[in-house]
Structures are given as C-alpha cells and as structure tokens.
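Taken together, the values in this text are just the output of simple stated rules run on the coordinates, not laboratory data. What you are looking at is a predicted structure, and each value in this text was computed from that prediction instead of being measured. We place every Cβ from the backbone using ideal geometry, glycine too, and count neighbours over all the protein chains shown.
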C-alpha cells in the first residue's frame, strides 16, 4: 500500500524483528495451550466440541483439524497477556490465566458477532452458527464467556477483583462497540444524524481496542504491576485496535483480493460505514456525490463501487485513513515508551507491533 | 392439584405466611430496584432499552410499562440474595449487590433461552428476539451478563473473588443444563440412549437450581457468612430448582389452562421429555405404548395427547413426579434447618418456600 500522507511512517521491520515477532506468537501459543485445553475440557462435551471447532482444533465432525490450519488465528491476545506479565517483571507463565481468559472472551465475541452480522464464513470455514445452528452458537458463546470469568476468578495471582473488573469493563466496551456498529448501518450518510469520524473512533476503540488493551493490561495486573504500567498497556492496546480497524477498512476497499480473501471493494459493495468513507463525507465537495452512489439498500454493482472508490480517494478519504492509522500507531509507541522501565518486554511488544502492522498493510 | 402420593405434604401456608412472603418479595424488589436501575443505566442506551423492556419497566416503544404489569416477574432471585445476607446476620442491604447480579444473570438467561427455544412470548408479551430481532437480543443478553460480573466485581463486601467464582460456577451450570435440555429433544424415548430420571434431575438442577442456589449463597458470601451457611443455602436453592421444574412439568400436562396460560397437555403436544413422562417410561408396561404415542415429529393432536396423559397417569408418572417434588422440598427444609443459627431469615425463607410451592401447585 502506497503511503500518501505526511504522517511519520513506522520503520520497516528488520528480518530479526519479524523473526522475533513470529517466535513470540509461537511461544505464547505453546505456553498457553495446555491451560486453554484444560479449561475447554471442563465445558459440557457438546459445547466443548463447538469451542474446539472455533479454536481451529477440530472439524465439525469432531476429527482433529488438518495440521497447519490457520483457523485458530495468530493468538495475538494471548501474546499480549504474556508480554503484559513480562512488562511487570514477572515470568511469562504469570500471564497464562489472563491469556486464557482473553482468548476465551475473544472467541465468545467472534461467535456472537458472526450471528449478529450474519457472516457465514470465518478463516475459510463455516462460522459456528452456520455449522451448528444459531441457538447452539449462542449457547457456546455464553459458555466461553462464563469460562473466561471462572478462569480469571480462580487464578492464582495478585488482585483478582481488579483483574475481573478489567475483564468486565472490556466486555461492556465490546458490547457498546458492537451495538454502535450495528446501529451505524441504519444511520444516514449526511445531515445531523450522520456518523462522524469521532463516533467511528469510539466504536473502533470499544469493538477492537478494548480487548487488546485488556489483554496486555490483564497480564500485568495478575503479575502485580503498578497502575502506571497497567494503564500504559491498556492505552497501547486501545490505540492498536483503532489502527487495526482503520487498516482493515483500507483493505476492505483497496486490499488485494488474493491477500484479503474478499472481492475488491467488498466493504463499498456492502455499503459499510468505514473510516475512509466517513472521512470523505466530511469533505463538502464529495459528500453529495458519494451519498448518492452509496444510497439505497441493494449490494453495489462493480461500476458504482469503482466510482465510489475513486470519489473517496479523490476526496482524500484514503490518505486520511492512512494518517489516522499512523497516528494511532504513534500513540502505541508513545505508550510503550512511557512504561516505567525500558524492559525487554517493551522491545518484544514493539517487534510484535511492527510485524503486525506491516503484515496488515 | 390433588395429591395422589403418600409423600409427606408440606403444611398449607397460613394467611400470615402468605402475607409474610408477599411482603418479603415486595420489600426486596423495592430495596434492590435503585441499584438495579443504576446498573442498567450504565448500559449502552439501545441495549439499556432492551434491558428495560425485559425487566417489564418499558414497552417496545420506550414508553413506561402500564402500572401493575407482571412482566417483570416476582423477583424471587433477588429476594433469595437479600435473605441470604440476612441469614449471615447482616442487614438486608448487604445483599443488594448480589441481588442485582443474580437478577441480571436471570434476565440474560431468559433472553438467550428464548432464542434457543424459539419461544415467541414470555409473560404475555413478545420475547426480546421477537420484538427487537435475534442479533440485538443476543447482544442485550451479553450486555446483562457482563454487567452482572462487573457489578459483583466492583461491590463492597467480603471475599469478592469467592463471590465471582460462585456466580461463574452457576453460569457454567446454567449452560450445561440448557445444553442437556436442548440435546434431550433428539434423544430416543426408549433403549440405552433414552434419557433417564437421574439425567433429568441433573439437567433441572443445573438449568433451574444453580441460579436459585447461587442467589441465596451469594447474598451470604458478600455478607461474610461462614462456609457452612453458604453451602446450606446453595443446596437449598438447588433442591428448590428441581422441585420447581418438576412442578412446572406437572402443570405443563395437567395444569389449568386458565392459570398456566398454556393449552391443556401443552408439553405432551410438544413431545417434551418431562419428568412424568420419563418416570412412566421406566415402567415396562407403559414404555412401549407411550413411546408409540409420543414418537414422530409433528405436534400431537388432542386425542393422542389425552391418551398419552392417561397412560402416564396410569403408569404412575404423575404420582412419581409429585413424590419427586415433595422429596426435593423436604430437602430444602432440611437445608434450612441445618443453618448454624435458627435465624429470622430461615423463617422468612420457609414462609417464602411455602408460598411459592402452594402458588405453583
């Protein structure tokens, strides 16, 4: 993706950085997996089967998933929890209960969001509601949610009530973000009821940032970190979430279908209120033609989607979104720089950040 | 309902007992309402609107509910939490955070269960998924769940980690009970895969008893009660739940439609695997004809439902269910008798029990 903005660009990750990030993700998954497997094993067997499917461990038949399947995701949240504990000066293992809790909550939210958004596939496989039915998918999500709370409340470690409060605050924020995202759909493109970029930022922080911030903060809380460390990690994760969401929006319009797995202009075809669109609507000259192109209810055809993409680019929506992403990434770096001790964990977090952002962009 | 069993019958509640029970429920609702309203007020406004509808405070339009509407339920769980605190020797107010948490969890479970069971009405009004859509109802349930955990984790009081563990255990049990209940539907009526009465008891204890037990126990935990008190109250609630479920099954077959609001033989028409049916299937002479009557997938017609009810009654399914309910009620009394100090709160709980059981039967 070409940089069309004057915002400072994060340095390209060196091979060493990328290796370090991949190793961090691999090591965290390996460290957390036994505790996560044990927790899921305590679920009702039917519910546990759906959970194992959503973690990418099993197929719908119950057979083990093909080796090397990517259905389980990178495990970013568990890595953040482990690094949060290390940022508190504790060994990585001190963050495992927090890592299990945030992975369970993340999977719960994917299950329920897929129902609400009507999404039929995720990571190349049918979503849980599509494979098992809506009712069972609601139940499986509830079970993962309850298991996350139980895991954290039963964990060894410091200040468990504070950890549970952090997790439930993130959950409330997740719900608020999802509620706003659903409500955005029926809001007009222009006029006093239109969605502004500030509302978008709040939605993205809640929907994507709250759990990333919670992951890193929770690892630090259970490891007994001081409040300044916890707050800095939480804020870093929240900015990272907004950056990810905006980058996702850019890919949803201009991403390479071979990489994203979605058709070109996918988010425009679905008339999604993404950041580049909202930023363009703030430009008076583009607002009227864009609202006309995106108005209506049917999926956009190729020509209209292509024209809308061109109007957005011309109005500066693409560069504004890139600048927005860079701004939040700069905030993440500032939060990491503010950590009380310049620790090895902060370097790990920087390596992870560079790798993720490059991978996404 | 006529008692057709030799099981000891609980004494008829005196007018004083019934008055005392109604006052207890009213006073608990009045005591808990401000904190519950404050908690719901912290939700995302759209989600809060759905919550207010499910509590019976508002109509779908957002207008206040007609005065005297019963849509909010009796508030049994909040009363149990308040009495749990009193059983620990604390003032009623000490149980308010526990009461708010269990009411929120109860409402969450109604919202999600109605989706899973496809129920279109509850307490004479459209269910939340019917009124607002499935996705929004999933989200509102999640929000109430998260709010319950947050309320408890932020509460003043003793041993909050233990309180959160109690709540999450009850949530896990709720999910297991609902999972079993959903799976019972596709199990055969006879043979090695048939549902046995013991499995039914476990399902009913999880689905209905766990949260009643948790309500009373949680009130005691936050009020600093000793473990013996907490355990006795938890067990009392669990037995109460099984008794309620079995009584509900009896009403679902032989209840007066004018009282239950459901057609006569409603649960037989829907081929539900209720306790009277399962108990009859344990009788070899009745098993085959009953399995033949209830086999198939369509709703039963009047004649078949009437014949099935007669077979069940003749096979002793009705009296076995009554005996089962009485047995669990006797256990509730034994648990209350075992409370370390013969307190005023135990008498209140007995009055409440007598009132509820009479009202149901």
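Considering chain A as a Gaussian network with a 10 Å cut-off on Cα pairs, which listed residue, A:152, A:294, A:233, attains the greatest mean-square fluctuation? Sorting by GNM fluctuation, first place goes to A:294. Full extension of the chain segment joining residue A:307 with residue A:63 gains 83.2 nm, where the gain is 0.36 nm per residue of separation less the Cα-Cα distance.
Diagonalising the gyration tensor over the Cα atoms of chain A and scaling each eigenvalue by 5 before taking the square root yields semi-axes of 33, 25, 18 Å, largest first.
Backbone N atoms of the range B:233-266 closer than 20 Å to the 7 Å Cα→Cβ label point of residue B:22 belong to residues B:259-260. Compute the long axis of helix B:344-360 from its Cα atoms, compare it with the longest principal axis of the Cα atoms of chain B, and write down the angle in degrees, 0 to 90, nearest 10. Orientation of helix B:344-360: about 40 degrees from the principal axis. What are the distances, in nm and sorted shortest first, from the label point of residue B:117 to the label points of the same position in each other copy, with each label point placed 7 Å from Cα along the Cα-to-Cβ direction? Nearest first, the other copies' label points are 3.2 nm away. Against chain B, whose longest principal axis is taken from its Cα atoms, helix B:284-294 shows a tilt of about 80°.
Here residue B:337 yields copy-to-copy label distances, from shortest upward, of 7.3 nm, the label point defined as 7 Å from Cα along Cα to C-beta.
Given the rule -39500 (n - 2.57) for each run of at least 4 DSSP H residues, summed and divided by the residues of chain A, what is its mean residue ellipticity at 222 nm, to the nearest 500 deg cm²/dmol?
-22000 deg cm²/dmol
Look at the stretch B:160-172: the mean tally of other chain Cβ atoms within 10 Å of its residues' Cβ atoms is 6. Please work out the C-alpha center-to-center distance from the range B:108-160 to the range A:119-145 and express it in whole Å. Going from one Cα centre to the other spans 18 Å. Counting other Cβ atoms within 10 Å as a rough exposure proxy, the listed residues A:86, B:262 run B:262, A:86 from fewest neighbours to most. Label point of residue A:257 (7 Å along Cα→beta-carbon): distances to the other copies' equivalent points are 5.8 nm, sorted ascending. Between A:203, A:116, A:50, the Gaussian network model of chain A with springs among Cα atoms under 10 angstrom shows the greatest mean-square fluctuation at A:116.
When chain B is treated as a Gaussian network with alpha carbon springs shorter than 10 Å, the biggest mean-square fluctuation among B:343, B:97, B:54 belongs to B:343.
Given a Förster radius of 25 Å and the C-beta distance between residue A:297 and residue B:121 as r, what FRET efficiency does 1/(1 + (r/R0)^6) yield to the nearest 0.05?
On the way: r = 31 Å, r/R0 = 1.22.
For residue A:297 and residue B:121, the calculated efficiency is 0.25.
If R0 is 35 Å, the Cβ-Cβ spacing of residue A:347 and residue B:42 corresponds to a FRET efficiency of close to 0.35. The distance from the alpha carbon centre of the range B:286-342 to that of the range B:172-195 is 16 Å, rounded to a whole number.
What's the average, rounded to a whole number, of partner chain beta-carbon atoms within 10 Å of each residue's beta-carbon in A:175-187? Mind dumping the intermediate values first?
Numbers: counts 12, 8, 1, 7, 12, 2, 0, 5, 4, 0, 0, 0, 0.
Counting Cβ atoms of other protein chains within 10 Å of each residue's Cβ and averaging gives 4.
Rounded to the nearest 10 degrees, the angle from helix A:76-87 to the longest Cα principal axis of chain A is 60 degrees.
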